[in-house]
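Asks: Below is a structure I'd like to ask you about.
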Amino acid sequence: MKKRDLEKTLKAMGWYFLREGGNHEIWTNGIDTEAIPRHSEINENTARGIIKRTKKRPPPAKGDYK
C-alpha cells in the first residue's frame, strides 16, 4: 500500500500527524498514538494492522481530550 493512501485512510478516520520519530511518523486521534513507517510503500499486512488498530480507537468526542 502506498503511504499516501494509508494517510488518506487515517485522516478520514479522524487521525492526524503529530510528530516525526526516528524511523516513523507519529499519528494521533487526540488521545492514542500510532507509529507509521516512513516508507513510500508500506507492506500490506502492516498497513492492514495499522488500520485495524486505529478503527478500534475512534477519535474522542468534543471535550473528551486529556
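Asks: Return the residues of segment 7-50 that are in a strand (DSSP E or B) and among the small types (Gly, Ala, Ser); say none if nothing qualifies.
Replies: As a first pass, look at segment 7-50 and keep what is in a strand (DSSP E or B): 16-20, 24-28, 33-37, 41.
Matches in segment 7-50: 35 only.
Asks: Pick out the one residue from 26, 50 that is of a type in the set (A, V, I, L, M), surrounded by 13 or more Cβ atoms within 10 Å (Cβ to Cβ) and without any contact (Cβ under 8 Å) to a residue 12 or more places away in the chain. Give the derivation first.
Replies: Details: 50 fails: without any contact (Cβ under 8 Å) to a residue 12 or more places away in the chain.
Exactly one of 26, 50 is of a type in the set (A, V, I, L, M), surrounded by 13 or more Cβ atoms within 10 Å (Cβ to Cβ) and without any contact (Cβ under 8 Å) to a residue 12 or more places away in the chain, namely 26.
Asks: Among the residues of segment 36-57, which ones are under 12 Å from residue 10 (Cβ atoms) and small (Gly, Ala, Ser)?
Replies: 47
Asks: Also, I was wondering about something else. Could you figure out which of (1) in contact (Cβ under 8 Å) with a residue 24 or more places away in the chain; (2) exposed (fewer than 14 other Cβ atoms within 10 Å of the Cβ) isn't true of residue 20?
Replies: Of the numbered conditions (1) in contact (Cβ under 8 Å) with a residue 24 or more places away in the chain; (2) exposed (fewer than 14 other Cβ atoms within 10 Å of the Cβ), the odd one out for residue 20 is (1).
Asks: For the subset of segment 29-40 comprising residues that are within 20 Å of residue 2 (Cα to Cα) and surrounded by 11 or more Cβ atoms within 10 Å (Cβ to Cβ), which member is farthest from the chain's Cα centre (by Cα)?
Replies: First pass over segment 29-40, keeping only residues within 20 Å of residue 2 (Cα to Cα): 34-40.
Filter once more, so that each one left must be surrounded by 11 or more Cβ atoms within 10 Å (Cβ to Cβ): 34-39.
Details: 34: 5, 35: 7, 36: 6, 37: 10, 38: 12, 39: 14 Å.
Here the answer is 39.
Values quoted throughout were computed directly from the atomic coordinates according to the rules given, and no laboratory measurement underlies them. Note that the structure is predicted; figures quoted are calculated from it, not measured. Cβ sites come from the backbone with ideal geometry, for glycine too, and all protein chains shown count toward neighbours.
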